[in-house]
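Colleague: Okay, here's the structure, questions in a sec.
The values are calculated or read from the model by the stated rules, or taken from the named source; none is laboratory data. What you are looking at is a predicted structure, and each value in this text was computed from that prediction instead of being measured. In this analysis, Cβ positions are derived from the backbone assuming ideal geometry, glycine residues included, and neighbour counts consider all displayed protein chains. The accessibility values were calculated without ligands, DNA or RNA, using every heavy atom of the protein model including side chains. Shrake-Rupley method; radii C 1.70, N 1.55, O 1.52, S 1.80 Å.
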Amino acid sequence: MASEHVSDPRPAPAPNDRRGKRQAFDKSQSAPRSGSVGLVLLVALLLIAVAAGLIYTGPSYAETYILIMLAVLGTFGVFALFALASGIMRLSSREQSNPLIKQVVDYGFDGIVVTDQAGRVFYANATYLDLTGAASPDDVRPIERVFMGDPEVSEAIYRLLKAAREGRRLQEEVRIAGAPGEAARWLRMRVRPLGENRRDSKLAVWSIADVTRERERHENVFQELQHAIDYLDHAPAGFFSVDAKGAVVYLNATLATWLDQDLAQIGVGTGAGSLTLNDIVAGEGAALLTTLNAAPGEVKTEVLDLDLKTRTGRPVPVRLFHKVAYGADGTPGVSRTLVLNRGKGSGEDAQRDAEVRFMRFFQNTPMAIATVDKTGRVARNNARFATSFDGMLGDNRSILSVVNERDRGTLEAAIKLAAGGQGDIPPVEAQLAGSNERWASFFVSAVDDKDGDGEAAIVYALETTAQRTLENKVYQQQKMESVGQLAGGIAHDFNNVLSAIMMATDFLLNAHKPTDPSFQDIIQIKQNANRAAALVRQLLAFSRKQTLRPQVLDLGEVLGDLGMLLKRLIGEKVTFAGVKHGRDLWPVKADLSQFEQVIVNLAVNARDAMPDGGTLGISTSNVPAADCAKFNHKGMPAADYVLVEVSDTGTGIPPEIVDKIFEPFFSTKEVGKGTGLGLSTVYGIVKQTGGYVYVDSEPGHTTFRIFLPRHVPGVEEKPAVAGPSIAPALDATKSAAESMAKQAASQSGADLTGQGIILLVEDEEGLRALNARGLSSRGYTVLEAGNGVEAIEVLDREGHIDLVVSDVVMPEMDGPTLLRELRARDPSVKFIFVSGYAEEAFAKNLPSDQQYNFLAKPFTLKQLVAEVKKTLSGGE
């Protein structure tokens, strides 16, 4: 700490003759500790004399004298030992009395003083006396008494005294004001304990040195540095420096003015307020400064033409002389970059203006551009190239290293053609190197190398990863839609065939007794027809053309009710971990039976993937719209969803087939052990419900994620049309034959006869005849028509019809059009639509106030007559 103090009024001697006029002050000089040779000789002679005297003494007295002499010597010896132990006596050593060491300390350049904690001075050398202005050794004072009076100096002295008492080392620098007419002085004061620890440090060694000239030199260097910085700040060129992390550590005032930047942001760390390279370089130009290729220990200098940008984003064309020194490990150091402003001028320099325009085009184009030699080594490149292929060029900077090894030969051949002067080289589609699947198109053209710098070709690279991903996605969607349309069309036509078969078997069963030999054959035909109907429903589920009966569901309760069923399905080898319910789960609107089929199909699929056993788990949670992005699922818009995850620890799905698992009839199981419709049914049901299904799989773990849209209660919706719903059979728990057998049993005791005029409209003549026969057998009067036009003619001819049973898809006039025409003539006529398509497929073409019932194909005779009787009795 710098302090100022008015010195003692006594004049201090000149620095050149201080050590020659005074002697060191040493209290220990009054008690010399060096030994005396004469005293030793005297004691030796005395002992010899005593010994000689004893020789001439009689034997009777000699023994007494000897004992007295030994007693005296022993007494002196014991007292001497006590004196040495207590410090009263001290043995002298040659090192302590070395006059050379004492002279070095006495006449050292720094003032030395030794004091105790009470402030008593035990030693002070001549320099200390000179620096403190002591007139004689008797006038010597401790430091705290010499520099007392000035508060600032006193603070420094107080800290030094405190350190001395605590046994610590400390250093302070203070400024001492000189006497009138004399310049001020700077003194450096140090204190350290004389002992090794606080307990032994009863004495403290103080040193004081005059550092005035040293401080003057430092101030001169600082002033010169300030002048240099001022020159650099206001130079007619810009200058900046960045570290390896891209943080701007220096920016001169000239460049700050060009870029309208605040110099206070420079060098404030890496936080939000710091300035980075991306803040001052426009576009992707920063990549050119951070991707230099240099050997360890090399100093690399690049000349670059690019745009810097102001704080408001306005571009400033510049030329950079960018210099970076690399360490022995290849780590780049802090850069030194000179900036020449190329944007200033009146527009008279046409060449410079053309260079600026070309530079902006070259650096800001969205296509990566590089010039290469015959071997593919990159000579020059633009900013987009540096950004796109950062870290991929390798030490040899070959453009061939950025593409996959499989495609390098094609790109190398294109470069050789360009080096040979050939034009119109076809573009090269290549996969980029690296673990991530990236693709790019490379366009190669020849250059006329008149300068002889080795540039043989220009390579334009355009990354096509996003384009290829989108194309694959569109292709996959189109393929799924095409397969869905095909499946839906097949299902519709097949339903007509199945309806005729099932109706005919009902007639045969009514005509035969159970004891007839052919009765069991007819039962077998009907059971196989029911199995075929179940497969058709799965096709319709995939094509999203089946009839759904949506209702508001609590998925936690639904999955909880399925727990016992799932345990029986997966068997004993697979452990069911249960359902992990999310808190406050949102409601969803879905068809209960269809959702159950989705979960059952996924559970059966997981069971088959764990032949040696494993674990199956189900979890639910809410996914707010803000959290959708973290799943990174393409095609799913941000919205509120309820997530259902079905996970297993099975063998996993190979990556090459994961995009095909939702296709119908695709199966990895052996022939006869699967239809290939399980996951396609899941896909169709989830899609038709308005949700999304995705799969993440790796060996040992597979997770299917189903996102169902959140249902907001209170929204007015059209109620579902009444009518029997043929719920799809759960293919893992019961067959379609069992489902229909139970339904038929429930209706066997009901009276299905009735009366009324029924108009049956069906373009399939065989099916129409069977349906008419069945209705006639139950007491109804049946009128037939092959299409909508014929139906209108029948109505006009008959005048009144109680009920119309009509197909939906027919030639000339379809079912919805027929409904509108008949209701225009007779608003009271009742309607039943029968179709192999979903009800939603044609309901959107009808006014919302139209009332009708719906019966899905294929259906049995009992289902048909039951629906007819319910409608005629007012159940519409």
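Colleague: Report, by chain and number, residues whose modeled amide H sits under 5 Å from the one on Leu306, excluding near sequence neighbours (fewer than 5 apart, same chain).
Modeller: Amide H to amide H, under 5 Å and 5 or more residues apart or across chains, Leu306 pairs with Val318, Leu320.
Colleague: Let me ask something else about it. Considering only protein heavy atoms, with the full assembly of protein chains and a 1.4 angstrom probe, order Met189, Met636 by accessible area, largest first. Mind showing how you got there, number by number?
Modeller: Working: Met189 0, Met636 20 Å².
Per-residue accessible area, sorted high to low, gives Met636, Met189.
Colleague: Structure shown: which of Lys245/Lys323; Lys526/Lys862; Lys687/Lys857 lie over 18 Å apart, alpha-carbon to alpha-carbon? Don't skip to the end; give the middle numbers.
Modeller: Numbers: Lys245/Lys323 16 Å; Lys526/Lys862 14 Å; Lys687/Lys857 22 Å.
Correct reply: Lys687/Lys857.
Colleague: Let me ask something else. Could you calculate, for region 127-184, the ratio of the Cα radius of gyration to the Kirkwood radius, expressed as Rg to Rh? Intermediate values should be presented prior to the final figure.
Modeller: On the way: Rg = 12.9 Å, Rh = 12.9 Å.
Ratio of gyration radius to Kirkwood radius: 1.00.
Colleague: As an exercise, take the mean of 1/r over every pair of distinct alpha carbons in region 573-667, invert it, and state the Kirkwood radius in angstroms.
Modeller: Working: mean 1/r = 0.0651 Å⁻¹.
It is 15.4 Å.
Colleague: How many percent of the accessible area of region 324-437 is carbon or sulfur, using a 1.4 Å probe? Each step should come with its number before you reach the end.
Modeller: Values: 3150 of 6350 Å².
Of the solvent-accessible surface of region 324-437, carbon and sulfur hold 50 percent.
Colleague: Chymotrypsin sites (Phe, Trp or Tyr not before Pro), restricted to region 302-378: which are DSSP loop and have at most 11 other Cβ atoms within 10 Å? Could you put the intermediate results ahead of the total?
Modeller: On the way: sites: Phe321, Tyr326, Phe358, Phe361, Phe362; in loops: none.
Answer by residue number: there is no such site.
Colleague: So what does Thr575 come to for accessible area, using a 1.4 Å probe and Å² rounded to 10?
Modeller: For Thr575, solvent-accessible area is about 80 Å².
Colleague: Around Ala609, which amide H atoms from residues at least 5 apart in sequence, or from another chain, sit under 5 Å from its own amide H, with H modelled in the peptide plane?
Modeller: none
Colleague: So what J values fall out for region 290-299 if you push phi through Karplus, 6.51 cos²θ - 1.76 cosθ + 1.60 with θ = phi - 60°, rounded to Hz, Gly and Pro as x?
Modeller: 9, 10, 5, 9, 9, 7, x, x, 7, 9
Colleague: With +1 on each Lys and Arg Cβ and -1 on each Asp and Glu Cβ, how big is the dipole of region 792-839 about its Cα centre, in debye rounded to the nearest 20?
Modeller: So the magnitude is around 160 debye.
Colleague: Continuing with the same structure: Pop out the ³J(HN,Hα) list for region 257-266 in order, Karplus 6.51 cos²θ - 1.76 cosθ + 1.60 with θ = phi - 60°, rounded to Hz; leave Gly and Pro as x.
Modeller: 5, 4, 9, 6, 9, 8, 5, 5, 7, 7
Colleague: I would also like to ask the following. Using Cα-Cα distances under 8 Å and only pairs 6 or more residues apart, what relative contact order does region 572-672 have, in percent?
Modeller: Working: 111 pairs, mean separation 31.5, N = 101.
That works out to 31 percent.
Colleague: Sticking with this one: Can you give me the long-range amide H partners of Val579? Hydrogens built in the peptide plane at 1.01 Å from N, cutoff under 5 Å, separation of 5 or more residues or another chain.
Modeller: Counting only residues 5 or more places away or on other chains, the set is empty.
Colleague: Compute the distance in nm between two label points, each set 7 Å from the Cα along the Cα-to-Cβ direction, one at Val809 and one at Lys630.
Modeller: Result for the modelled spin labels: 4.5 nm.
Colleague: What accessible area per residue comes out for region 390-436, rounded to a whole number of Å², with a 1.4 Å probe? Intermediate results must be reported in sequence, preceding the final value.
Modeller: Numbers: 2620 Å² over 47 residues.
Roughly 56 Å² per residue, with all protein chains present.
Colleague: Moving on to the next point. Whole Å is fine, so just give me how far the alpha carbon centre of region 566-606 lies from that of region 616-632.
Modeller: 16
Colleague: For a test of the definition: using alpha carbon positions, the gyration tensor, and the 1.5 limit on a/c, classify region 266-399 as rounded, prolate or oblate. It would help to have the intermediate numbers written out before the result.
Modeller: Working: a/c = 1.75, a/b = 1.16, b/c = 1.50.
Oblate shape, in that a/c is at least 1.5 and b/c is the bigger or equal ratio.
Colleague: In whole Hz, with x marking every Gly and Pro, tabulate ³J(HN,Hα) for region 774-783 from phi via Karplus 6.51 cos²θ - 1.76 cosθ + 1.60, θ = phi - 60°.
Modeller: Result, rounded to whole Hz: x, 5, 5, 5, 9, x, 8, 8, 10, 10.
Colleague: What does the convex hull of the alpha-carbon atoms of region 379-477 project to on average, in nm²? Intermediate results must be reported in sequence, preceding the final value.
Modeller: Values: hull surface 29.3 nm².
Dividing the Cα hull surface by four gives the mean projection, 7.3 nm².
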